[in-house]
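Worksheet: one structure, shown below.
The values are calculated or read from the model by the stated rules, or taken from the named source; none is laboratory data. Just so it is clear, the structure is predicted and the values come from calculations on it, not from any experiment. Neighbour counts are summed over all protein chains in view; Cβ atoms, including those assigned to glycine, are modelled from backbone coordinates with ideal geometry.
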2 protein chains.
Amino acid sequence: MKKKTRFVILGLLRDEAMTGYEMKNCIDLRMSFFWQESYGQIYPELNLMVKEGLLVCREDDESSARGKIRYSITECGQQVFDAWMAEACEKDTVRSEALLKFFLADDRNEAAVKQHLEDFYSQCSEHLALFEKFQESLRGFEDMHNHKYILRMLDLAVRQQKLNCEWSSSYIHELQK
Amino acid sequence: MKKKTRFVILGLLRDEAMTGYEMKNCIDLRMSFFWQESYGQIYPELNLMVKEGLLVCREDDESSARGKIRYSITECGQQVFDAWMAEACEKDTVRSEALLKFFLADDRNEAAVKQHLEDFYSQCSEHLALFEKFQESLRGFEDMHNHKYILRMLDLAVRQQKLNCEWSSSYIHELQK
DNA sequence: AGTGGCATGTAAAGAGTTACATGATTTG
DNA sequence: CAAATCATGTAACTCTTTACATGCCACT
């Protein structure tokens, strides 16, 4: 289970130069469906990657005591990214406490299950709304071709969230009978 | 992100007494869709839980130098489990290298994406087959009511895998044009 | 003047995997 | 009888989160 923080960073920077803070934001908003990173991983990795020549950085704001630091990918970084892209994927790791509880429940826990289902439903709806908003924003561009891969991915994300919503709402109705 | 190993163990033992090895097996075969544990988590936790009075154990096989150890849940363990069931769930953590690659890809990586899609498809088909087999085995019982919660969960798992299969196969066809 | 969001970073704690060691039992 | 699988366990390592520290900027 190798650390993949650097590849996520590299992948994001191919599109545009970003600060560490923006990367974390982008990962949380658009990729949390299948990936997460914390500041404790991002910032140290960013400094390491500059030393290794995968990234270059420039201070945005010379006037401040400690300005924003915006990173860009180097040619070497591109190569490292493409090499990783071609490698086989490790198997997924998923930990969903809600699904775990749904699986392990019995009649003693019916009330708890009901509550968790409602939470699950509202979380999925929120995610769905987020993904659909992102989808719309990408479709607004005329250069849709550039977003071909992301749009395909979003299509899966949206359909999975819809499935989860449908499943949990019908499960809720069943329990209410 | 608290450790939940003990609750998984407790949940499994409510159905039947098991050895640590059997638990790991069961988790890998039936729960890997949304959960995983390793021996390094299970065995030390098992010993701890006996000390805390959540479990009792008996050696299966007195003749061997080191026989199987089969664990059962205590009344106290039941209570701890039910208390956890009623608690709110932490948010999910998911790490899927394949989905990450699908999201970050561009035209330079089309060949890699194709390969990963094929791997993704075959993995999902395998999971689907596994879930369907499990589903069938549960439906064989006359006391289906006992498995109500697991069957509901399996319904979601099966539908998600079907969605993934459908998505990846249509994506593969698109790329082949 | 205070709140909240932007922004960078570190240290310590905690979670989780991996590799190894050991030995029994089953199956071809 | 060799190989695979069953079975338990530990130690070292790696990964990841969390809590904290610092300070800017915009808005009210």
* B:S72: more than 10 Å from DNA strand D (Cβ to nearest atom) and within 14 Å of chain A (Cβ to nearest Cβ), yes or no? -> no
With respect to B:M23, determine if the residue is modelled with pLDDT of 95 or more and either more than 14 Å from DNA strand C (Cβ to nearest atom) or closer than 15 Å to A:R95 by Cβ (or both). no
Per the list (1) more than 30 Å from A:V50 (Cα to Cα); (2) surrounded by fewer than 18 Cβ atoms within 10 Å (Cβ to Cβ); (3) within 12 Å of chain B (Cβ to nearest Cβ); (4) under 23 Å from the mean Cα position of the chain (by Cα), residue check on A:I172 breaks on (4)
If we ask which residues in the range A:73-106 are aliphatic (A, V, I, L, M), in contact with a strand residue (DSSP E or B) (Cβ under 9 Å, 6 or more places away or on another chain) and within 30 Å of B:L13 (Cβ to Cβ), their number turns out to be 1
Turns out the strands (runs of 3 or more DSSP E) fully within the range B:26-126 with at least 2 residues that are within 16 Å of DNA strand C (Cβ to nearest atom) and in contact (Cβ under 8 Å) with a residue 40 or more places away in the chain are B:69-73
query = Just a yes or no: is a residue in the range A:51-59 assigned by TED's automatic domain parsing to the domain that holds A:I9, surrounded by 17 or more Cβ atoms within 10 Å (Cβ to Cβ) and within 14 Å of DNA strand D (Cβ to nearest atom)?
reply = no
Scanning the range A:1-17 residue by residue, the ones that are surrounded by fewer than 19 Cβ atoms within 10 Å (Cβ to Cβ) and either away from every other protein chain (no Cβ under 12 Å) or more than 12 Å from DNA strand D (Cβ to nearest atom) (or both) total 4
Of the conditions (1) near DNA strand C (Cβ under 8 Å from one of its atoms); (2) in a helix (DSSP H, G or I), the single one that A:R6 does not satisfy is (1)
